[in-house]
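Encoded as structure tokens, the structure appears first; notes follow it.
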Amino acid sequence: MIAQVTHPYNLQKALCQVEVNKGSAGVDGLKTTQLADYFREHKPVLLEAIKNDRYLPQPILGVEIPKGGGKFRLLGIPTVVDRLLQQAVSQAMMP
């Protein structure tokens with residue numbers, strides 16, 4: 001399964017999907033527009049960590065959004081790198 005998730009085609013497809021979805025930056029402040037350059041530079045380290053079972057996702061940024069009636073709901077925003085990996089796993093599981 002790890003081989004399918006980390007296959008270059010799958011990762012490229014996941015990268016494109018995260019960029020298209022846009023979204024806010026997580027706790028690291030990395031934006032989706034910066035993801036391709038960041039991933040290109042850090043890809044070997046990330047893939048090694050994943051393959052050696054040492055990758056740990058970063059903390060999730062909690063943001064309160066208004067729900068109506070003066071109430072709020074907590075929304076969790078993962079980092080864009082974690083979203084990329086989540087997308088890659090999702091694509092590998094549901095061809």
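The values are calculated or read from the model by the stated rules, or taken from the named source; none is laboratory data. The structure presented is a predicted model; accordingly, all values stated were derived computationally and were not measured. We place every Cβ from the backbone using ideal geometry, glycine too, and count neighbours over all the protein chains shown. Keep in mind that these areas ignore ligands, DNA and RNA; they rest on the heavy atoms of the full protein, side chains included. Shrake-Rupley method; radii C 1.70, N 1.55, O 1.52, S 1.80 Å.
The table below gives the values:
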item	result
Sequence ranges 41-51, 24-34, ranked by mean other-Cβ count within 10 angstrom, highest first	24-34, 41-51
Principal axis dimensions, largest first and in whole angstrom, of the range 42-95 by Cα	47, 26, 16
For the range 1-93, accessible area per residue (1.4 Å probe, heavy atoms of protein chains only), Å²	67
Per residue convex hull volume, Cα atoms of the chain, in Å³	113
Most positive-pole-ward Cα, GLY76, GLY29, PRO57, against dipole of the range 1-93 from beta carbon charges	GLY76
Within straight-line cross-link reach of LYS22, lysines at Cα separation under 17 Å, skipping those fewer than 8 residues along the same chain	LYS13, LYS31
